[in-house]
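Engineer: Quick one: structure below, then a few questions.
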Amino acid sequence: MPHHGSHRPGAPLQVQDGPVFPRATSTVVPDPSRFFAPALLAAPLPTNSFFQNFVLKDGDMPEYIHPYSIRSPGAGALDVCYPSRIHSASSITQAFVADLTVSDASAGAGTGTAQRHVVSAFDDLSVTLDVSPSLRAHLVRGCPYVTLATTAAGPIDISVASVHAFVEVGATSCHCHHGSSGTKWRLRMDSGQTFLLYASAPIHLTQATATQLSAPAFAGAIRVAYLPDASMEPVLDRYSRCYPTAGHATLNPNDRPFSVDYSWRKEGHGELLMLAHPLHLRLLALAAAANDDDDENRAVRVLDGFRYRSIDGDMVGVVGNSWALRADPVLPTWHSTRGVSADGVAEVVAALRADVGALAPAAVTTTSSYFYGKAVARAARLAVIAEEVGCADVVPAVREFLAATVTPWLDGSFQGNGFLYDATWGGLVTLQGLTDSGADFGFGIYNDHHYHLGYFLYAIAVLARLDPSWGRQYATQAYAMVADFMTVSCDKSAAAAGGGCFFTRLRMFDLWTLHSWAGGLAAIPDGRNQESTSEAVNAYYSAALVGLSYGDARLASLGATMAALEMLAAQTWWHVRDGDGMYEEDFSGSNRVVGVLWANKRDSVLWFAPAEWKECRLGIQLLPLLPVSEALFPDVAFVRELVEWTLPALARDGVGEWWKGFVYALEGIYDTEAALAKIRALTAHDNGNSLTNLLWWLHSRAPAAASSGTGTPGSGSGSGSGSGSAAAAGTATDSDSGGQRE
C-alpha cells in the first residue's frame, strides 16, 4: 500500500508517530540481544561502528582500537595486540597476535562453556566491554593504555598471559603512585616487546609458566601499555593514573560549523594523555591558529616525541581533557564555482538537449536501490546544469521525469523494491534486502546506506527546489532518509518509553577517524571498510542541498561539515602520495589511490575489480561528478600524478568507456583541451553520468565568463519548500552535547 507522510511543521522528525516507512521484519540481520546489555536494546543500535565485530557472530574477531588491536575471545579474557604490518606493493595488513591477555581467572571455570562479553556502554570514542561479570574493559580510541577495572564487590584473581614467553617480569618503581610498591610492572617477552602494567593498587604477579602470570585477590584498575621506545617510559609513568572511561564528539553545525569537539569522562588523578592521528593533528593546528576556542580546559599540549605506529600514520601524544578540531569551510554550491566558459555553453546546451530528450521513466528498468538512485541523480544533474547555462526550457521535462521516478520510492508504490523500516537495529532496509543479505549490495544488512540514499537525496533536493509543492508533500520521507545515516542526537529516554527515536547516531560516519564506513553487519577480521569516498561525499553534500532546498540552514551546515571532513580523510588516507611517509614505500610507490580501505588493511583491489584496473580505482574515488568534486581533488600536482599513473591502464583490452570518462575528467583539471577531445570521442558513459555532465565539468575548469544561470551557487536560490521544514529536521540536524560492492 502506498504510504503518505504526514509532515507536521514544528514537530521533530524523530517524534513522529512512526518511522515514516513501513515496518518490516528482516530475516537476515543478526540478533543484537546476544551482546548488547538489555538497557541498550530500547534505542537504535550502531550498524557500521568501529566495534561492530564485537557484536557479530561469536563476537571474537578483533577490532582496531588505536593503537591496539583488541579481541574478546570469551571466558572473561581480553587480548591486546600492538600490531605489526605485512606490506607489499598490493596491500598493507595489520597482523593480529595475542601479545598480552588479561582475564578474570575465575570466569567460565567449571561451566564447560566460553562466557561471552557484554557491551555495557558505547559512544563515539569508546566502547565498554564487560568481559566477565567482575571485569570491565574501557576501550577508548587513541588511548596508549588499555584499561580494565574490577566491578565485583571484592577482589578477584587476575590472569596475565601471552603467546610469547615472558623473559622478564619485574616490579619497578613508578613516581606515578607515591610510596606504593607493586603498582608498576615491566613485562618483557622473547618477541622483543615490552609492555608496562600499571595498577591502581598493589598487585602481586607470579609466573606460573613461561607464558602465564597470575595475580590473586586484586581489586581496582589495571592499565597495560606497549613501550615502543625506552624514552617514552617516563611519559607513560606520568600519565598512568588518569584514565578515560568514555568519550564524546560534539557537532554544533549552527554555532560551530566545520568543527568537532572531543571530551572524555575520566577517573583517577592528573592529566589525560591520548594519541592523535595525522588528521587530528592537522585539525587541532587549524583550531589553534584560528583561536577557535580560548576555554582554558580545552588547552592541549602535543608531545611530538611520543609516538605510536599505526596503519593510519604515526599517532602522537596529546595531553588535554578535551580537544577542539576545526576544518576549513567547504560551502555547498549548486553550480560550478567558476561558471561555464562562454565558448563552452553552446556545446553543453547541445548535449543537454539530447540527454534530456532521451529521458523516459520506462527506460529505468532496474529495481536496485543503488542503480536506481544513480539514474535519478543523473537526471537531476541535467536540471541543475540547464539552470547554470541558461537553458530553462528543458527543466520542465526533467522535473516531470523526477516526479515520475522518485515519488514511487517515497509513497511505497514502486513495484519490485522499496524502503522499509527494520526495528531490530533501527534503520531503513529495502524490500529485496529483507530476505537476501546480498541484495542491493547488502543494503539490508546496512552496507552502503549513504551511497544509495545520497543519490536519492540529490534528486529529492533538486526536485523539491524545482517543485516546492512536491517538496512539502514528501518532506517527511526526505528527512527520514537523511535521518537514517545523519541523525546526530537521539532521545534514548523516549526510546525506552516506546517511541521517539528511530535511527542510530551518524550510522556511517566515524567521528574519530573522521570518515565513513560502508561495511555493515558482516563480521570480517579486517573490520569495517569503505571503497568510494566520493560517493560518501555525495551523500553529505546532497543532504546539504536538501537543507538548502527546504530552507534548513542547520541541515545545510551539518551536511557541509561532514562532506568537508570526509574529503580531508580521503585526501589523507585514500589518496596515496609517494614519499609522504603515510604508507610503506613498496605500497606508496605502486599506488596512487587505495582500492578498499579497511580498519586493519589497505588494499589495491576493489570489490568489483582487480588492482590492475586502475581506471576503476580512480573512477570510484571520483563519481559522481559534482561541483563539490573540485574540493575533493584540490591538489593539481597530485591529480596529474594520479592521471598519469592511470592512463597506461586504458590501453588494456575491454576497458569500459564509462570509466575512461572519469579519468579524462580529472585530466581536464590541468589539460582541458586534451580531455575535451577524449570526452567527445567516448561512445558510452557511466549510468550515473552523462555527456552533458562531463562537458559541464570540463568547460567550467578554465576561467569563465559570468554564468548565465539563474541561481546563485550555494544560496539555495529558487523557491524553498516551506518554512516549517527546518523544524522537521529534528534529530537529524540538532546540535548534540551529550559497503561494499560484492
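Engineer: Here is a list of conditions, (1) within 20 Å of residue 169 (Cβ to Cβ); (2) small (Gly, Ala, Ser); (3) in contact with a Leu (Cβ under 8 Å, 6 or more places away or on another chain), and residue 200 meets all of them except one; can you say which number that is?
Structural biologist: With respect to (1) within 20 Å of residue 169 (Cβ to Cβ); (2) small (Gly, Ala, Ser); (3) in contact with a Leu (Cβ under 8 Å, 6 or more places away or on another chain), residue 200 is out only on (3).
Engineer: Here's another thing I want to ask about it. Of the residues that sit in the stretch 401-437 and are open to solvent by less than 40 Å² (accessible area, probe 1.4 Å) and in a loop (DSSP other than H, G, I, E, B), which one is farthest from residue 49 (Cα to Cα)?
Structural biologist: The qualifying residue farthest from residue 49 (Cα to Cα) is 414.
Engineer: If residue 700 satisfies all but one of (1) open to solvent by 10 Å² or more (accessible area, probe 1.4 Å); (2) more than 26 Å from residue 530 (Cβ to Cβ); (3) modelled with pLDDT of 95 or more, what's the number of the condition it fails?
Structural biologist: All conditions pass for residue 700, except number (1).
Residue-wise test of (1) under 26 Å from the mean Cα position of the chain (by Cα); (2) β-branched (Val, Ile, Thr); (3) surrounded by 19 or more Cβ atoms within 10 Å (Cβ to Cβ).
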position	(1), (2), (3)
65	yes, yes, yes
86	yes, yes, no
98	no, no, no
117	yes, no, yes
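Engineer: Sticking with this one: Is there any pair with a first residue in the stretch 253-270 that is under 14 Å from residue 320 (Cβ atoms) and a second that is open to solvent by 50 Å² or more (accessible area, probe 1.4 Å) whose Cβ atoms are under 6 Å apart and which are 6 or more apart or on different chains, and what are they?
Structural biologist: 270/241
Engineer: Moving to a separate point now. Based on what the data block shows, is residue 633 out of contact with any Phe, Trp or Tyr (no Cβ under 6 Å at 6 or more places or on another chain) and crowded, with 22+ Cβ neighbours inside 10 Å?
Structural biologist: no
Per-residue answers, yes or no, for (1) under 25 Å from residue 97 (Cβ atoms); (2) assigned to a loop (DSSP other than H, G, I, E, B):
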| position | (1), (2) |
| --- | --- |
| 130 | yes, no |
| 143 | yes, yes |
| 167 | yes, no |
| 207 | yes, no |
| 231 | yes, no |
| 237 | no, no |
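Engineer: OK, next. What is the residue count in the stretch 687-700 for residues that are farther than 16 Å from residue 667 by Cβ and in a loop (DSSP other than H, G, I, E, B)?
Structural biologist: 3
Engineer: Has the stretch 575-587 got any residue that is open to solvent by less than 20 Å² (accessible area, probe 1.4 Å), modelled with pLDDT of 95 or more and within 22 Å of residue 326 (Cβ to Cβ)?
Structural biologist: Yes: the stretch 575-587 contains one or more residues that are open to solvent by less than 20 Å² (accessible area, probe 1.4 Å), modelled with pLDDT of 95 or more and within 22 Å of residue 326 (Cβ to Cβ).
Engineer: Now a separate question. How many residues are hydrophobic (A, V, I, L, M, F, W, C), part of a loop (DSSP other than H, G, I, E, B) and at pLDDT below 60 when one looks only at the stretch 1-43?
Structural biologist: Of all residues in the stretch 1-43, those hydrophobic (A, V, I, L, M, F, W, C) come to 1, 11, 13, 15, 20-21, 24, 28-29, 35-37, 39-43.
In the following step, the residues that additionally are part of a loop (DSSP other than H, G, I, E, B) were identified as 1, 11, 20-21, 28-29, 35, 37, 41-43.
Next, only the ones that are at pLDDT below 60 stay: 1, 11.
The qualifying residues number 2.
Here is a yes/no grid of residues against (1) touching a Cys at 6+ places or on another chain (Cβ under 6 Å); (2) over 14 Å from residue 563 (Cα atoms):
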position	(1), (2)
452	no, yes
501	yes, yes
528	no, yes
534	no, no
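Engineer: I would also like to ask the following. Out of (1) of a type in the set (A, V, I, L, M); (2) modelled with pLDDT under 95; (3) within 18 Å of residue 198 (Cβ to Cβ), what's the single condition that is false for residue 146?
Structural biologist: (2)
Engineer: With the requirement that a residue be open to solvent by 10 Å² or more (accessible area, probe 1.4 Å) and under 17 Å from the mean Cα position of the chain (by Cα), what does the stretch 242-260 give you?
Structural biologist: Of everything in the stretch 242-260, those that are open to solvent by 10 Å² or more (accessible area, probe 1.4 Å) and under 17 Å from the mean Cα position of the chain (by Cα) turn out to be 248, 250, 258.
Engineer: Another question, then. Would you mind stating whether residue 653 is open to solvent by 50 Å² or more (accessible area, probe 1.4 Å), on the phi < 0 side of the Ramachandran plot and in contact with a strand residue (DSSP E or B) (Cβ under 9 Å, 6 or more places away or on another chain)?
Structural biologist: Considered against the rule, which asks whether it is open to solvent by 50 Å² or more (accessible area, probe 1.4 Å), on the phi < 0 side of the Ramachandran plot and in contact with a strand residue (DSSP E or B) (Cβ under 9 Å, 6 or more places away or on another chain), residue 653 comes out as no.
Engineer: Here's another thing I want to ask about it. Please verify whether residue 321 is out of contact with any Cys (no Cβ under 8 Å at 6 or more places or on another chain) and surrounded by 17 or more Cβ atoms within 10 Å (Cβ to Cβ), treating the condition exactly as stated.
Structural biologist: Judged against the criteria, residue 321 is a match.
The values are calculated or read from the model by the stated rules, or taken from the named source; none is laboratory data. All values reported here derive from a predicted model rather than from experimental measurement. Backbone-built Cβ (ideal geometry, glycine too); neighbour counts: all protein chains shown. In case anyone asks, the SASA skips ligands and DNA or RNA and just uses the protein heavy atoms, side chains included. Shrake-Rupley method; radii C 1.70, N 1.55, O 1.52, S 1.80 Å.
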